[in-house]
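Taken together, the values in this text are just the output of simple stated rules run on the coordinates, not laboratory data. Here the structure is a predicted model, which means the values were calculated and not measured. Using ideal geometry, Cβ is built from the backbone for each residue, glycine included, and neighbour counts are taken over all protein chains shown.
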Amino acid sequence: MKHRALIFLLAVFMLSMAASSLAQEKSLASTPPMGWNSWNKFACNVSEDLIRQIADAMVASGLKDAGYQYIVIDDCWQVERDGRGNIVADPKRFPSGMKALADYVHANGLKFGLYSDTGTKTCQGRPGSRGYEFQDARQYAAWGVDYLKYDWCSTSTQDAPSSYALMRAALDASGRAIVFSICEWGNSKPWLWGRSAGNLWRTTGDITDKWEGKVKWPDGNCCAYGMTDILDMQVGLESFAGPGHWNDPDMLEVGNGGMTTAEYRAHFSLWAILAAPLIAGNDLRDMKPEIREILANKEVIAVDQDPLGNQGRRVRKNGNLEVWSKPMQDGNRAVVLLNRGTEDAEITVAWEDVGYPAHLEARVRDLWQAKHLGKFTGKFSATVAPHSVVMVTVKP
């Protein structure tokens, strides 16, 4: 009897732990995370003054009200470990310390994030977390960290699933709810295993501020990818995304100067239909009105943040002309008509492409023009400019 009772108690404990883990997964990143990261614009040029100003700008610009939450400092904030092995922030760039900076971000009604690496060193040669996972996680929790981006440099023979699972366990043991962003560039197909460790996982190499094309790194290694190249790499991954676990096609380049306004509008629309994390990477302190209007478009953001958590997929491709569709919780469809070509083109979405019967009458609303376009039966067509999109919702 005692043996049976012990087995019963063990089973109850295991079920309790599983339920707790599932509840945490659902509560953390229940919709794709929205925020800002320092890397795309500032690289290693980070400081507490910059982060405070960005936090202020996120509030003043209306992006906080639009749903952006996280202020994430990428690589180069850390310089060494002290005699006890604790990670040390750069005292010149962050003289007040990370706890005070996190407190400032939190006082703005925002959340605070940091970057580290699974290896011995970060991608910029700063101290990584290998061998210090639990110590670092405790330190992050003490500082008030809400989000950890975890890179994949200097990893030698490490196994990615095990390395990320180790830090996930360390974060769970820290006592603080911390969103965990896996950043191993899609090398080991993290969509197959990432859900058990992280809340989001990079599916590709780094994005670069271009419509298309590869760019080699200064050391000659390959590659950073243009926006549409990364888009193509998302095809077929839609079944792996959902509340608490998201495919991450990398951060937004909107506003960094390498693309046109129309291309940035397409970039943002496509990331929204993909249910991708919306992590801005521009200088929020100095945004042109048209850039702010892209990042703050609440109707497009609502597509990304739809609580059903479906990732959109490409439902039609004819050369440079594509149709992407995403089922929404209310039964409607969000649709992006994408023209990757160099001339105006008419693009049609048929209702059967998006799972509706051909005889259905539906209302169509343009999300960038913020206006209803009327009722249509069977299909909807629009002329789409080069390197541009028309984004609509289709409501039966």
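Side notes on the structure shown:
- Distance between the C-alpha centres of the range 65-89 and the range 234-288: 23 Å, rounded to the whole angstrom.
- Farthest toward the positive end of the dipole of the chain, out of LEU337, SER163, TRP271, is the Cα of SER163, where the dipole comes from beta carbon charges about the Cα centre.
- Mean projected area in nm² (Cα convex hull; one quarter of hull surface) for the chain: 22.8
- Listed pairs LYS121/LYS149; LYS111/LYS189; LYS298/LYS371 exceeding 19 Å between Cα atoms: LYS111/LYS189
- For trypsin sites (Lys or Arg not before Pro), the sites in the range 70-162 that DSSP calls loop and that have at most 11 other Cβ atoms within 10 Å are ARG84, LYS92.
- Cα-based convex hull, the range 237-389, per residue volume (Å³, whole number): 114
- Kirkwood radius and radius of gyration were both taken over the C-alpha atoms of the range 37-128, and their ratio Rg/Rh is 0.99.
- When +1 charges are put on Lys and Arg Cβ atoms and -1 charges on Asp and Glu Cβ atoms, the dipole computed for the range 164-237 relative to its Cα centre reaches about 260 debye.
- Normalised by the number of residues in the range 88-186, the average gap of Cα pairs under 8 Å and 6 or more apart makes the relative contact order 29 percent.
- Where trypsin sites (Lys or Arg not before Pro) fall in DSSP loop in the range 207-274, at most 14 other Cβ within 10 Å: LYS216
- Rounded to the nearest 500, the 222 nm mean residue ellipticity of the chain from helices alone is -8500 deg cm²/dmol, with -39,500 (n - 2.57) taken per DSSP H run of at least 4 residues.
- In degrees, nearest ten, helix 2-27 long axis to first principal axis of the chain (Cα): 50
- Of the GluC sites (Glu not before Pro) in the range 301-347, those whose Cβ has at most 11 other Cβ within 10 Å and which sit in DSSP loop: GLU343
- The magnitude of the dipole of the chain, with charges of +1 and -1 set on the Cβ of Lys/Arg and Asp/Glu and taken from the Cα centre, is near 940 debye.
- Computed from backbone phi with θ = phi - 60° and the Karplus coefficients 6.51, -1.76 and 1.60, the 3J(HN,Hα) list for the range 51-57 is 5, 4, 5, 5, 4, 4, 5 Hz; x is used for glycine and proline.
- Note on LYS317: aspartates and glutamates with a C-alpha under 12 Å away, same-chain residues under 8 apart excluded, are ASP232, ASP353.
- Rg/Rh ratio calculated on Cα atoms of the range 313-395 (Kirkwood radius): 0.94
- Cβ charges +1 (Lys, Arg) and -1 (Asp, Glu), total dipole of the range 313-395, debye: 260
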